[in-house]
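The values are calculated or read from the model by the stated rules, or taken from the named source; none is laboratory data. Note that the structure is a prediction, hence the values are computed from the model and not measured. Heads up, the Cβs are rebuilt from the backbone with ideal geometry, glycines too, and the neighbour counts pull from every protein chain shown. Just so you know, the surface numbers come from the protein's heavy atoms only, side chains and all, with ligands and any DNA or RNA stripped out. Shrake-Rupley method; radii C 1.70, N 1.55, O 1.52, S 1.80 Å.
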Amino acid sequence: RIAINALSIANRSGTGRVVEGLLDGLSQLDSPRFQYDILLPRHYPLRQTWSAAPHLSCHPIGPSSTVGRIAWEQTVLPLWIRRHKCSILHSPAFIAPVYGLGNVRSIVTIHDLAFLEFPETIRFGRKTYFHWAVLSSIEKSYLILTDCESVQYDLISLGIPREKVFSLPLGVDERFFNVPTEDISRVRAKYSLPERYCLTVGTVEPRKNLRTILSAFRSIPDVPPLVIAGRLGWKYDFVFSEIKRGNVPFLDYVDDADLPALYAGASLYLAPSLYEGFGLTVLEAMAAGCPVIASDIPAHREVGANCIEYVPPTDTESWTSAISSFFNPQSPIPNPQSAIPNPQSA
């Protein structure tokens with residue numbers, strides 16, 4: 001019996017989407033040897049495919065609030081795991097119970113090490129909690145999973161045994177490939193988008209480095225507007241001031257069902273992050289056939305290879321030049337769609 005702590009599925013961010021994709025994938029497996037106990041927030045809507053899978057047992061028992069979840073994970077969760085005689089607990093969002101698991105083997109997914117690599121971009125309370133909870137979860141884990149090799153190497157450099165850390169890259173759902181034209185038109189109308197627009201997707205927070213590309217767009221005439229899709233995080237005053245001035249269309253959190261068409265309808269996707277543990281939005285944009293300019297960081301290099309253009313994260317002039325050159329037909333950027341295999345043949 002394998003338990004999966006899926007409480008982070010309620011997060012309106014990448015970790016929530018990863019957990020959702022994990023459950024979708026598990027529900028499609030034919031695995032009679034394993035029984036999966038999925039621990040979900042109370043009142044979270046269950047998908048029919050999850051409930052119908054004979055090897056998945058969904059338990060909507062955990063709290064949905066962040067504070068409640070922190071306390072529940074460290075107190076109630078280990079008791080529940082032992083009572084139900086699970087042999088393995090997978091924690092797919094950084095943190096596992098530090099005490100009380102007994103002989104239960106703990107597997108934890110570490111998506112990034114931003115709290116160590118870029119601490120100034122993390123809220124003080126979250127950073128303090130992560131220093132204790134994440135590092136303790138790593139120390140007590142049986143196995144550690146990462147989304148990319150760069151994070152795997154970072155963990156090994158911290159002294160984690162190499163044989164304990166595995167890199168399992170994230171994947172892209174088939175619906176991001178070959179998006180129907182009518183879906184693009186529907187999403188454009190739903191969000192009142194112009195015929196041509198540039199796009200960036202992600203939580204509005206310092207690590208996403210939106211200030212740099214907003215500064216670049218100010219100095220570029222006659223280019224499609226930048227559209228920001230993603231919930232407001234923290235320290236977003238500069239971005240929000242641009243939004244209120246009417247310079248930047250802001251969509252807030254976009255329904256997951258609308259994302260493929262949102263990417264496919266964009267003229268250019270921009271990923272200016274200072275740091276990422278993978279760069280899923282870059283891969284999704286490429287799958288949807290949208291050209292990409294990304295910050296020159298290890299995770300983006302790993303995902304985009306030689307199919308996209310890279311720019312130093314905080315070099316505003318380089319971003320200005322790259323965006324201007326893209327909309328100049330004399331210096332096109334390679335089309336990433338040709339580098340993405342068809343999902344049926346991958």
Could you please tell me which pairs satisfy a Cβ distance under 7 Å, a separation of 6+ or placement on different chains, a first residue in the stretch 285-297 that is within 16 Å of residue 180 (Cα to Cα) and open to solvent by 10 Å² or more (accessible area, probe 1.4 Å), and a second residue that is at pLDDT below 95 and not in a loop (DSSP other than H, G, I, E, B)? 289/337
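Only one of these is more than 28 Å from residue 18 (Cα to Cα) and either in contact with a strand residue (DSSP E or B) (Cβ under 6 Å, 6 or more places away or on another chain) or modelled with pLDDT of 90 or more (or both): 180, 224. Name it. It would help to see each step written out before you state the result.
Values: 180 fails: more than 28 Å from residue 18 (Cα to Cα).
None of the other options fit; the residue is 224.
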Among residues of the stretch 78-100, those that are open to solvent by 20 Å² or more (accessible area, probe 1.4 Å) and assigned to a loop (DSSP other than H, G, I, E, B), counted: 5
Just to check your reading of the model, which residue among 88, 95 is closer than 11 Å to residue 4 by Cβ and either in contact with an Asp or Glu (Cβ under 6 Å, 6 or more places away or on another chain) or among the hydrophobic types (A, V, I, L, M, F, W, C) (or both)? 88
Out of the residues in the stretch 35-77 that are in contact (Cβ under 8 Å) with a residue 40 or more places away in the chain and within 12 Å of residue 6 (Cβ to Cβ), which is most open to solvent (accessible area, probe 1.4 Å)? 64
Within the stretch 113-149, which residues are closer than 22 Å to residue 280 by Cα, out of contact with any Ser or Thr (no Cβ under 9 Å at 6 or more places or on another chain) and of a type in the set (Ser, Thr, Tyr)? 121
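Test of understanding: among 263, 197, 269, 253, which residue is open to solvent by 50 Å² or more (accessible area, probe 1.4 Å), under 28 Å from residue 20 (Cβ atoms) and among the hydroxyl-bearing types (Ser, Thr, Tyr)?
On the way: 263 fails: open to solvent by 50 Å² or more (accessible area, probe 1.4 Å); 197 fails: open to solvent by 50 Å² or more (accessible area, probe 1.4 Å); 269 fails: open to solvent by 50 Å² or more (accessible area, probe 1.4 Å).
Unique residue meeting the criteria: 253.
If you go through the stretch 210-229 one residue at a time, how many are in a loop (DSSP other than H, G, I, E, B) and either among the β-branched types (Val, Ile, Thr) or surrounded by 22 or more Cβ atoms within 10 Å (Cβ to Cβ) (or both)? Before you say what the answer is, go through the steps one by one.
First pass over the stretch 210-229, keeping only residues in a loop (DSSP other than H, G, I, E, B): 219-225.
Subset that is either among the β-branched types (Val, Ile, Thr) or surrounded by 22 or more Cβ atoms within 10 Å (Cβ to Cβ) (or both): 220, 223.
Residues flagged as in a loop (DSSP other than H, G, I, E, B) and either among the β-branched types (Val, Ile, Thr) or surrounded by 22 or more Cβ atoms within 10 Å (Cβ to Cβ) (or both) within the stretch 210-229 amount to 2.
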Could you check residue 189 against (1) surrounded by 15 or more Cβ atoms within 10 Å (Cβ to Cβ); (2) in a helix (DSSP H, G or I) and say which number it fails? (1)
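Working only within the stretch 39-72, note down all residues that are under 20 Å from residue 102 (Cα atoms) and touching a strand residue (DSSP E or B) at 6+ places or on another chain (Cβ under 7 Å).
Keep residues of the stretch 39-72 that are under 20 Å from residue 102 (Cα atoms), which gives 39, 70-72.
Matches in the stretch 39-72: 39, 72.
With respect to residue 294, determine if the residue is closer than 26 Å to residue 149 by Cα, of a type in the set (A, V, I, L, M, F, W, C), within 19 Å of the chain's Cα centre (by Cα) and not in a loop (DSSP other than H, G, I, E, B). Write out each step before concluding.
Working: closer than 26 Å to residue 149 by Cα: yes; of a type in the set (A, V, I, L, M, F, W, C): yes; within 19 Å of the chain's Cα centre (by Cα): yes; not in a loop (DSSP other than H, G, I, E, B): yes.
Taking the combined requirement at face value, the residue satisfies it.
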Can you tell me which residue among 207, 211 is charged (D, E, K, R) and within 20 Å of residue 15 (Cβ to Cβ)? 207
May I ask you to list the residues in the stretch 173-186 that are in a helix (DSSP H, G or I) and open to solvent by 70 Å² or more (accessible area, probe 1.4 Å)? 174, 175, 181, 182, 186
